[in-house]
Amino acid sequence: MEQEIITPKAPPAPISHSMGIFHSFLSAAGVVLLSITKLGAALAAVIWAVSQLLGLPDMVMYALMALGVIPVIWATLWVAGRAWHVEQLLETGRDVDRPVFEALYYWKKH
C-alpha cells in the first residue's frame, strides 16, 4: 500500500517564538540553575566516591571539591551564554544553530 506525500505549495511563514525579554531571561536562568546543580552534584558525588575508595583524608576530599568548583563554574558560564544565545535566536524567529564549544564564545560580541 503506497502513500502519497502531500507537500504544501508554499513554505509556511515563519512564526515568532517571541516571549519577551523577561521570559527569555527566566528560561535561560532556569537552564543555568539546572546545569549548575546537576554538574555540582555529579562532581561532588564522584569526588566523594573516589576519596572513599582510595581512603583519602577528609581534608583532601574537601580540597578536591573546592578545586572541582572551577570546571562546574566554567561549564555553567558556557551554558548560560548558550542559553541566552538560543533565546535570542528564537526571539528573532531564527532556527537554533550548532553550538560552539569554546568557553566564553557566547559572551563575546560577534
Options [x] 42, 20, 12; [y] 29, 20, 10; [z] 21, 15, 15 for semi-axes √(5λ) of the Cα gyration tensor in Å; the value derived from the coordinates is listed as [x]
Scalar couplings 3J(HN,Hα) for the range 85-99 by Karplus 6.51 cos²θ - 1.76 cosθ + 1.60 (θ = phi - 60°), nearest whole Hz, x for Gly and Pro, are 4, 5, 4, 5, 5, 5, 4, 8, x, 9, 7, 6, 8, 6, x
The answer for Met19, listing residues at least 5 apart or on another chain whose modeled amide H is closer than 5 Å to its amide H, is none
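Given a 1.4 angstrom probe, I'd like the percentage of the accessible area of the range 35-87 that is carbon and sulfur, rounded to a whole number. Walk me through the numbers before you get to the answer.
Values: 2720 of 3320 Å².
With neighbouring chains kept in place, the figure for the range 35-87 is 82 percent.
The values are calculated or read from the model by the stated rules, or taken from the named source; none is laboratory data. Not measured: the values here are computed from a predicted model. Accessible surface areas use protein heavy atoms only, side chains included; no ligands, DNA or RNA. Shrake-Rupley method; radii C 1.70, N 1.55, O 1.52, S 1.80 Å.
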